[in-house]
Amino acid sequence: MKNVAILISGRGSNMVALLDAMDGGDFPARCVLVVSNLAEARGLAVAAARGIPTAVLSHKDYPSREEHDGAILMRLLEHQVDLVCLAGYMRVLSPVLIHAFRNRILNIHPALLPAFPGLHVQKAALDHGVRFSGCTVHLVDEKVDHGPILLQAVVPILPGDDEASLSNRILAYEHRLYPAALRLICEDKCLVEGRTVRLLLAADEYRTLLRDLVDTGSGR
């Protein structure tokens, strides 16, 4: 059983998806801490209502990114955290955290990396006229939206899509993708090989996983 911490800055919809999965009974992880840099983050109350310890560590209270991350690191160590999930955490991590949790910090991004890193990604996808978008769970390294890719879900761009409609359809797949990726990490089914991750899955397991992560445009 892995101890997981979740870092948030807002409502925490991906946090809720992770918590729901971990509460499912057979999930190989439990959430032992939720941390936010913003006291007003709505996800804090959601976590507290589930009995999960929470902490607010405002970046404004620290003179540097490194010192802020150092304070977060101390909380992670106090709670014996094995893995960290970023779920709408709107801060770029410093090497202080990345080095301490190398290949143990996960992030989810609402695009098919390496395409469209950063912000406003659905607008970028629509402006470029791509036929498919989706979401990516990756390991965090020193560059933004750059680390080794764990899993991706594919969502077609439909006629008439705007930023809101595309974002909403992708979000539904984010809520499937993140727990699936976390489970693979917890079950030691991911082998990091430089810039790539090899999934240690049998062929039938992999096909089953893919079926759940590719939107056929049927509206499911």
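Since every read-out is calculated from the coordinates, none of them should be taken as a lab result. Just so it is clear, the structure is predicted and the values come from calculations on it, not from any experiment. Every residue, glycine among them, receives a Cβ derived from its backbone with ideal geometry; neighbour counts consider all protein chains shown.
Rounded to the nearest 0.05, what FRET efficiency do residue 74 and residue 192 have when you use their Cβ-Cβ distance and R0 = 22 Å? Can you show the working numbers first?
Details: r = 26 Å, r/R0 = 1.18.
That pair, residue 74 with residue 192, gives E of 0.25.
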Rounded, prolate or oblate (a/c below 1.5 giving rounded, otherwise prolate when a/b exceeds b/c) for the stretch 107-220 by Cα gyration tensor: oblate
Dipole of the chain, positive end: most advanced residue of 172, 6, 41 [Cβ charges, Cα centre]: 172
Approximate spin-label separation residue 103-residue 162, in nm, with each point projected 7 Å along Cα-to-Cβ: 4.5
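So what's the projected area for the chain, the Cα convex hull averaged over all directions, in nm²?
On the way: hull surface 49.4 nm².
One quarter of the hull surface, i.e. the mean projection, equals 12.4 nm².
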Charge dipole magnitude, Cβ of K and R +1, D and E -1 - the stretch 107-220, Cα centre, debye nearest 20: 200
Residue-averaged [θ]222 nm for the chain, counting only DSSP H segments that reach four residues, each worth -39500 (n - 2.57): -11000 deg cm²/dmol
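Compute, for the chain, the length of the dipole vector about the Cα centre, with Cβ point charges of +1 (Lys, Arg) and -1 (Asp, Glu) only. Units Debye, rounded to 20. List each step's numbers first, then the result.
On the way: 23 positive and 25 negative charges, 23 e Å.
Rounded to the nearest 20 debye, it is 100 debye.
Where both partners of a DSSP beta bridge lie in the chain, what percent of those bridges are antiparallel, to the nearest 5? Don't skip to the answer; put the middle values down first.
Details: 15 of 33 bridges.
Bridges in the chain are about 45 percent antiparallel.
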Neighbour-limited loop hits for trypsin sites (Lys or Arg not before Pro), the stretch 66-139 (at most 14 other Cβ within 10 Å; DSSP other than H, G, I, E, B): 102, 131
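Can you tell me the relative contact order of the chain? Whole percent, Cα pairs under 8 Å, sequence separation 6 or more.
Relative contact order comes out at 18 percent.
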Residues of type aspartates and glutamates that residue 123 reaches as a straight line, Cα spacing below 16 Å, ignoring anything fewer than 8 places off in the same chain: 161, 162, 163
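Order the peptides 203-213, 166-176 from the highest to the lowest mean number of other Cβ atoms within 10 Å of their residues. Please list the in-between numbers first.
Values: 203-213: 11.7, 166-176: 18.2.
The peptides rank, most packed first, as 166-176, 203-213.
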Per-residue Cβ neighbour rank within 10 angstrom, fewest leading, 192, 121, 46: 192, 46, 121
Reachable aspartates and glutamates, given that their alpha-carbon falls under 20 Å from the alpha-carbon of residue 2 and they are not under 8 places away in the same chain: 20, 23, 26, 78, 82, 187, 188
Cα-projected label distance for residue 208 with residue 132, points at 7 Å along beta-carbon direction, nm: 2.3
Stretch gain in nm, segment residue 142-residue 42, where the contour uses 0.36 nm per residue and the Cα spacing is subtracted: 33.2 nm
Anisotropy class of the stretch 3-82 from Cα gyration tensor, a/c 1.5 cut: oblate
